[in-house]
Amino acid sequence: MELRALGSSGIPVSPVALGTWAVGGGPWWGASDDAESVRAIRSALDAGVNLVDTAPIYYFGHSEEVVGRALKDGYRAKAVVATKCGLPWYADAPGPLWFEQDGRRVVSCCRADFIRREIEDSLRLLGTDVIDLYQLHLPQQPGLEVPVDETMGALLDLKKAGKIRAVGVSNVTVAQLKDYLSCGVVDTVQNKYSLLDRGAEAEVMPFCAEHGLAFLGYQPLEQGLLTGRIRPDTPIDAGSFRNAIAWYAPEKRARVCAMLDGWTDLTAKYGCTLAQLVIACTAAQPGMTSVLCGARRTRNAEENATAGRLVLEAGDLARMRADVDQLTAA
């Protein structure tokens with residue numbers, strides 16, 4: 001599998017990464033089989049995926065704990081481990097409320113002292129001495145004014161101490177990114193990106209390319225819609241977070257499915273699933289470093305890894321992009 005540079009860090013990463021939000025389980029994803037999740041993570045690593053992305057907030061440390069189990073027995077050496085900070089639920093953590101769940105108040109807090117506390121918890125749960133990529137989950141939200149140089153100073157101090165190897169930020173605008181860069185080296189940006197949601201192409205991805213930052217795109221399959229397994233008549237629970245995604249509205253979903261149905265000749269040509277075709281196309285977009293694909297079952301992890309080795313011809317990439325352009329312009 002082709003490897004790509006993780007910014008200026010010198011760390012090579014696979015074009016398809018393993019996202020582990022669902023591994024945490026909880027109300028968003030329902031019950032999760034931890035043993036199967038461990039097998040899925042190890043299958044991805046065995047298949048050539050090396051970037052594993054998690055976060056404390058993926059059900060209050062549970063995702064990190066499961067990833068930590070998977071990294072035992074020699075698998076740590078195969079993995080580039082990425083996690084995040086900035087959304088603590090400590091009882092004494094100050095900051096604006098992000099959400100409440102199971103009696104916990106999650107707040108946005110980018111203060112240096114809390115970042116130092118968070119990383120110790122992550123190191124313990126992940127069972128490692130160093131985190132390869134440590135990312136600020138969100139820029140500081142209005143309500144607790146923490147200077148950017150304080151936040152970046154904490155991250156850079158962790159790097160000097162050898163506890164992290166690279167610094168990343170997530171869910172940022174170019175203006176925010178410039179603020180972080182004014183205080184030190186940032187290696188990566190992780191923002192939402194899918195063929196249906198290419199807003200990052202307007203400013204963030206070109207900025208990253210110009211300044212040598214890696215771009216990591218999350219939710220590339222729009223929570224399953226771009227796999228083709230969700231059809232116009234597939235029932236979506238009233239309380240599902242999918243209802244907040246505009247493309248799940250009945251009329252729009254039908255148009256997405258019609259576009260996907262038009263790519264059956266491409267799946268036949270490349271001998272792949274529709275999800276693999278979409279992942280490969282997404283990974284091939286200019287400025288994309290790695291596509292974060294969720295999986296908590298071995299079969300899905302292996303399928304996603306195979307997509308990382310799939311090379312689409314330029315004409316087919318152009319055709320898929322033109323189809324998406326036509327869909328999104330309607």
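The values are calculated or read from the model by the stated rules, or taken from the named source; none is laboratory data. What you see is a predicted model, and the numbers here were worked out from it, not measured in a lab. As a convention, Cβ positions derive from the backbone with ideal geometry for all residues, glycine included, and neighbour counts pool all protein chains shown. Keep in mind that these areas ignore ligands, DNA and RNA; they rest on the heavy atoms of the full protein, side chains included. Shrake-Rupley method; radii C 1.70, N 1.55, O 1.52, S 1.80 Å.
Data for the structure
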| item | result |
| --- | --- |
| Cα-based Rg of segment 187-237 normalised by 2.2 N^0.38 Å, two decimals | 1.45 |
| Qualifying aspartates and glutamates (Cα of each under 18 Å from Cα of Lys269; at least 8 residues distant if same chain) | Asp261, Glu303, Glu313, Asp316, Asp323 |
| Expected-Rg normalisation [2.2 N^0.38 Å, Cα atoms] applied to segment 86-194 | 1.04 |
| Around Ser9: net Lys/Arg minus Asp/Glu count, Cβ-Cβ under 12 Å | +1 |
| Separation of alpha-carbon centers, segment 18-66 and segment 210-256, rounded to whole Å | 20 Å |
| Percent of beta bridges antiparallel (DSSP, segment 161-306, rounded to nearest 5) | 10 percent |
| Heavy atoms of Thr173 accessible to a 1.4 Å probe, total area in Å² rounded to 10 | 70 Å² |
| Principal axes of segment 26-99: Cα extent on each, largest first, Å | 41, 25, 17 |
| Accessible area per residue, Å², segment 272-330 with all protein chains present, probe 1.4 Å | 41 Å² |
| Built amide H within the under 5 Å cut-off of Leu51, gap 5+ | Ser14, Leu18, Val80 |
| Euclidean distance of C-alpha centroids, segment 92-135 and segment 266-325, integer Å | 33 Å |
| Beta bridge orientation in the chain: antiparallel %, DSSP, nearest 5 | 20 percent |
| Tail fraction, Cα-Cα pairs, segment 257-330, threshold 16 Å, whole percent | 49 percent |
| Protein accessible area in segment 129-194, 1.4 Å probe - carbon and sulfur % | 52 percent |
| Size descriptor, Kirkwood hydrodynamic radius, that averages inverse alpha-carbon separations across segment 11-59, Å | 11.5 Å |
| Per-peptide average of other Cβ atoms within 10 Å, ordering 261-271, 175-185 highest first | 175-185, 261-271 |
| Projected label distance in nm at Ala31 and Cys183, using a 7 Å step from Cα toward the beta-carbon | 4.4 nm |
| Segment 213-316, relative contact order [Cα under 8 Å, separation at least 6], % | 37 percent |
| Surface accessible to a 1.4 Å probe, per residue, for the residues of segment 68-133, Å² | 45 Å² |
| Estimated [θ] at 222 nm from DSSP helical runs (n ≥ 4, -39500 (n - 2.57)) normalised by residues in the chain, nearest 500 | -11000 deg cm²/dmol |
| For the chain, built as a Gaussian network whose Cα springs stay under 10 Å, the top-fluctuating residue of Pro220, Pro232, Pro27 | Pro27 |
| Convex hull volume of segment 142-263 per residue (C-alpha atoms, cubic angstrom) | 161 Å³ |
| Of Lys78/Lys160; Lys72/Lys178; Lys84/Lys178; Lys72/Lys192; Lys72/Lys163, pairs whose Cα-Cα distance is over 27 Å | Lys72/Lys178; Lys72/Lys192 |
| Distant alpha-carbon pairs in the chain (separation over 38 angstrom), percent | 11 percent |
| Antiparallel %, DSSP beta bridges [both residues in segment 61-202], to 5 | 30 percent |
| At 0.890 mPa s and 25 °C, Stokes D of segment 92-139 from Kirkwood alpha-carbon radius, µm² per second | 202 µm²/s |
